[in-house]
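The values are calculated or read from the model by the stated rules, or taken from the named source; none is laboratory data. As the structure is a computational prediction, the values presented were derived from the model and not from experiment. Note that we place each Cβ from the backbone using ideal geometry, even for glycine, and neighbour counts take in every protein chain shown.
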Amino acid sequence: MHIPDGFLDAKACIATGALGAGAIAYGLKKTKMTLARPEVPKIALIGAFIFAAQMLNFPVSGATSGHFLGGALASILFGPAVGVVMMSAVLIVQALVFQDGGLTVLGANIFCSGVIGSYVGYGVYRLGLTLLRGKATKAVTFLAAWCSIVAASCAVAVLLAWSGTFPLNVALTAMAGWHSLIGIGEGLVTALVVAYLAERNVTFDSASASKEASAV
Amino acid sequence: MSRRDPVNETKERSAERADTGDARVEVTGKKRKWLVMAIVTLLAAGIVSYFASPHPDGLERVAEDHGFLEKASEPSWRAWIPDYEVPGISSPMLKVGLAGVIGAAILFGVLYAISRPLSAKQREEGRE
């Protein structure tokens, strides 16, 4: 769901440009506060994986395809701030090197796929773990990823409507409709990779989880 | 079982991370799993990418259905590898696969270069 140049008007480009830049600055600052050295190659590798997986368009329905986004995967594995940094890196490289996604709308793509995708995915994941007390983590992961791509597509719809492209209700229905299908792929890949790489899921109470862990 | 060690190691790290208030899953420290991820990434970027569906994606489909696809402007500059096809290579499979591997390598390098200076050898910095 890379917005090309021309879809958004100047005000939407400028507003999302500012939001995107702010989110990257915040993400880098937060990353600096929390990142441990052994995580560096893991972050780099998952970033490469997200780029590769985004290339793999799968057929959705009729003559339409969808591809993996990755915001939920990055934020569930490394936290939403690092997720934003990772997704921004993917989107910037895609725009600059591969001409995928426009330059004037780079902020919009970072805001929708990066910021919304990461924070919604992470938020739903945390909420699901809390409500289910750490049970059914695969289903929670699937749902978190599904929500993240649908929310990102809704954000794109809002920006399109704001730019006067087409009415908001039509935009939301169309974008959320297609991406609720594409979200099944997003959910499956995310649940599979998280289940493979997670040693343990942090439950609703991280403080007691840490005591439990140090008692072992 | 030799598998125990990395598990304990990640648990210790989880205790440290909880102090930062940024809880999330404990990502595995097992080298074998990361090697598998690296191989999956290279296969996806280098080979499977060629078999990706050529149909328009969700946003392009919506733009087509609602008549604003033509609003997409022609790029004003020429990127190094436009549309994930390395220019100057005739084999369709090779030009897509090479683009994928180059992209994955760039992402690995960029994220490594960004995150390494931000990381702390010990976790002291996470405890402000």
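Pairing each residue of segment A:121-139 that is over 15 Å from residue A:200 (Cβ atoms) with any residue that is basic (Lys, Arg), provided the two are 6+ apart or on different chains, yields C-beta distances under 8 Å for A:122/B:24.
With respect to residue B:86, determine if the residue is of a type in the set (Val, Ile, Thr) and facing chain A (nearest Cβ under 8 Å). Considered against the rule, which asks whether it is of a type in the set (Val, Ile, Thr) and facing chain A (nearest Cβ under 8 Å), residue B:86 comes out as no. Evaluate segment A:22-34: report whether one residue or more is out of contact with any Phe, Trp or Tyr (no Cβ under 7 Å at 6 or more places or on another chain), within 7 Å of chain B (Cβ to nearest Cβ) and crowded, with 21+ Cβ neighbours inside 10 Å. Within segment A:22-34, one or more residues are out of contact with any Phe, Trp or Tyr (no Cβ under 7 Å at 6 or more places or on another chain), within 7 Å of chain B (Cβ to nearest Cβ) and crowded, with 21+ Cβ neighbours inside 10 Å. Considering every residue within segment A:41-57, establish whether at least one is outside any strand (DSSP E or B), at pLDDT 95 or above and more than 18 Å from residue A:190 (Cα to Cα). So far as segment A:41-57 goes, yes, one or more of its residues are outside any strand (DSSP E or B), at pLDDT 95 or above and more than 18 Å from residue A:190 (Cα to Cα). If you go through segment B:41-83 and keep only what is under 23 Å from the mean Cα position of the chain (by Cα), facing chain A (nearest Cβ under 7 Å), part of a helix (DSSP H, G or I) and surrounded by 15 or more Cβ atoms within 10 Å (Cβ to Cβ), you end up with B:41, B:44, B:45, B:48, B:49, B:58, B:59, B:82.
Exactly one residue out of A:108, A:155 is surrounded by fewer than 24 Cβ atoms within 10 Å (Cβ to Cβ) and among the small types (Gly, Ala, Ser): that is A:155. Here residue A:160 fits the description: buried (at least 22 other Cβ atoms within 10 Å of the Cβ) and either of a type in the set (Ser, Thr, Tyr) or over 9 Å from the mean Cα position of the chain (by Cα) (or both).
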